[in-house]
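Heads up, the thing below is written out as structure tokens.
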Amino acid sequence: FPFLPLHSQILCLVIMLFSTNIVAQSQQDNRTNFSCPSDSPPSCETYVTYIAQSPNFLSLTNISNIFDTSPLSIARASNLEPMDDKLVKDQVLLVPVTCGCTGNRSFANISYEINQGDSFYFVATTSYENLTNWRAVMDLNPVLSPNKLPIGIQVVFPLFCKCPSKNQLDKEIKYLITYVWKPGDNVSLVSDKFGASPEDIMSENNYGQNFIAANNLPVLIPVTRLPVLARSPSDGRKGGIRLPVIIGISLGCTLLVLVLAVLLVYVYCLKMKTLNRSASSAETADKLLSGVSGYVSKPTMYETDAIMEATMNLSEQCKIGESVYKA
């Protein structure tokens, strides 16, 4: 564009790069077959995976809003506490959807309200994390312009999904979970995450053993039961911190109980020893009194004035012992 001003050349270059990116997405070969099997039910309840992301999608409420479902249903499917609305970044969720046939393709049609700056491509890749693509959205909404959407309008976004065939149901495969393949994934890792068979994953998605071509594309994970998703790394760290604290508190309480028990036993033994001594002294006194009772009469009690007068005010002349006086 040598005939254009510099800023116009830059703008054209940006538009070309953006267009190239969109064309690249449209030309991606998704080898997973999302067509409607002839022997599958017309619709089914299934699940799509979703990764909690900042800043707008770190709560069950916000995520449930874009999927037109309830936070409780996501919490139940994702092994979360129903009242725990806060999520951590990269936490994996299972979102229940109703899957059915639209034409010859299987989709879960979700109604989404357009916000300022939204386009088919932007919503498909960010809000719905590539669970759909802009071409599928445009096919379902042919009268709308992909990049000039009226704010507040409701647009149907078709999320890729699929119902199990009769043959799969006979093999006890209950769900085909839609999962967007990540660059660091491999078949073994994903099969462990969802409790699925690696062979079933490879047979359902035509990528062979190398799923590099599936990066950022939806694939199907056949499972015989709903997986119990592992907690996110952040939750694991919190759990790792919490466990030693619980163990420390438990050991501390146990030690405190033992110390109190030993102290009580010590006090009890000391008290019993004192009582035994008192009893022994009383018994000795009784013996002495009984021994001299034949020789002395009943003691006579004197007033203090009489004692002082008889001993001349405790004079040394009357003293006959350490503390004995004659009167």
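What residue, of Asp200, Asp185, Asp139, is open to solvent by less than 40 Å² (accessible area, probe 1.4 Å) and not hydroxyl-bearing (Ser, Thr, Tyr)?
Residue meeting the stated conditions: Asp185.
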>> So, in segment 203-216, exactly how many residues are among the hydroxyl-bearing types (Ser, Thr, Tyr) and open to solvent by 60 Å² or more (accessible area, probe 1.4 Å)?
In response: 1
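So that you can scan it fast, the table gives a plain yes or no per residue for (1) free of Cβ contacts under 8 Å to residues at least 40 places away in the same chain; (2) charged (D, E, K, R); (3) more than 14 Å from Leu229 (Cβ to Cβ):
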position: Ser40; (1), (2), (3): no, no, yes
position: Thr69; (1), (2), (3): yes, no, yes
position: Ser73; (1), (2), (3): yes, no, yes
position: Ala77; (1), (2), (3): no, no, no
position: Asp85; (1), (2), (3): yes, yes, yes
position: Val92; (1), (2), (3): no, no, no
> Does Gly208 qualify as being over 28 Å from the mean Cα position of the chain (by Cα) and part of a loop (DSSP other than H, G, I, E, B)?
Replying inline: yes
> Asp139 is checked against (1) out of contact with any strand residue (DSSP E or B) (no Cβ under 9 Å at 6 or more places or on another chain); (2) over 23 Å from Asp90 (Cβ atoms); (3) without any contact (Cβ under 8 Å) to a residue 24 or more places away in the chain and fails just one. What number does that condition carry?
Replying inline: (1)
> In segment 30-41, what residues are surrounded by 14 or more Cβ atoms within 10 Å (Cβ to Cβ) and in a strand (DSSP E or B)?
Replying inline: Thr32
>> Any residue in segment 109-130 that is on the phi < 0 side of the Ramachandran plot and exposed (fewer than 15 other Cβ atoms within 10 Å of the Cβ) sitting within a Cβ distance under 9 Å of a residue that is of a type in the set (Val, Ile, Thr) and part of a loop (DSSP other than H, G, I, E, B)? List the pairs, counting only those 6 or more apart or interchain.
In response: Glu113/Ile151; Glu113/Ile153; Asn115/Ile151; Gln116/Ile151
> Given the conditions (1) touching a strand residue (DSSP E or B) at 6+ places or on another chain (Cβ under 8 Å); (2) small (Gly, Ala, Ser); (3) under 20 Å from Pro42 (Cβ atoms), which single one is not true for Ala124?
Replying inline: (3)
> How many residues does segment 42-95 contain that are surrounded by 20 or more Cβ atoms within 10 Å (Cβ to Cβ), among the polar types (S, T, N, Q) and assigned to a strand (DSSP E or B)?
Replying inline: 2
> Within segment 99-108, which residues are of a type outside the set (D, E, K, R) and surrounded by fewer than 20 Cβ atoms within 10 Å (Cβ to Cβ)?
Replying inline: Gly100, Cys101, Thr102, Gly103, Asn104
> How many residues does segment 170-182 hold that are farther than 14 Å from Ser43 by Cα and open to solvent by 50 Å² or more (accessible area, probe 1.4 Å)?
Replying inline: 4
> Pairs under 8 Å by beta carbon, first residue under 21 Å from Asn104 (Cα atoms) in segment 163-191, partner open to solvent by less than 70 Å² (accessible area, probe 1.4 Å) and among the aromatic types (Phe, Trp, Tyr), six or more apart or different chains?
Replying inline: Pro164/Tyr175; Tyr175/Tyr47; Ile177/Tyr47; Ile177/Phe194; Thr178/Tyr47; Thr178/Phe160; Tyr179/Phe194
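The values are calculated or read from the model by the stated rules, or taken from the named source; none is laboratory data. Computed from a predicted structure; not experimentally measured. Glycine also receives a Cβ, built like all others from the backbone with ideal geometry; neighbour counts cover every protein chain displayed. Just the protein is used for accessible areas: all its heavy atoms, side chains included, with ligands, DNA and RNA removed. Shrake-Rupley method; radii C 1.70, N 1.55, O 1.52, S 1.80 Å.
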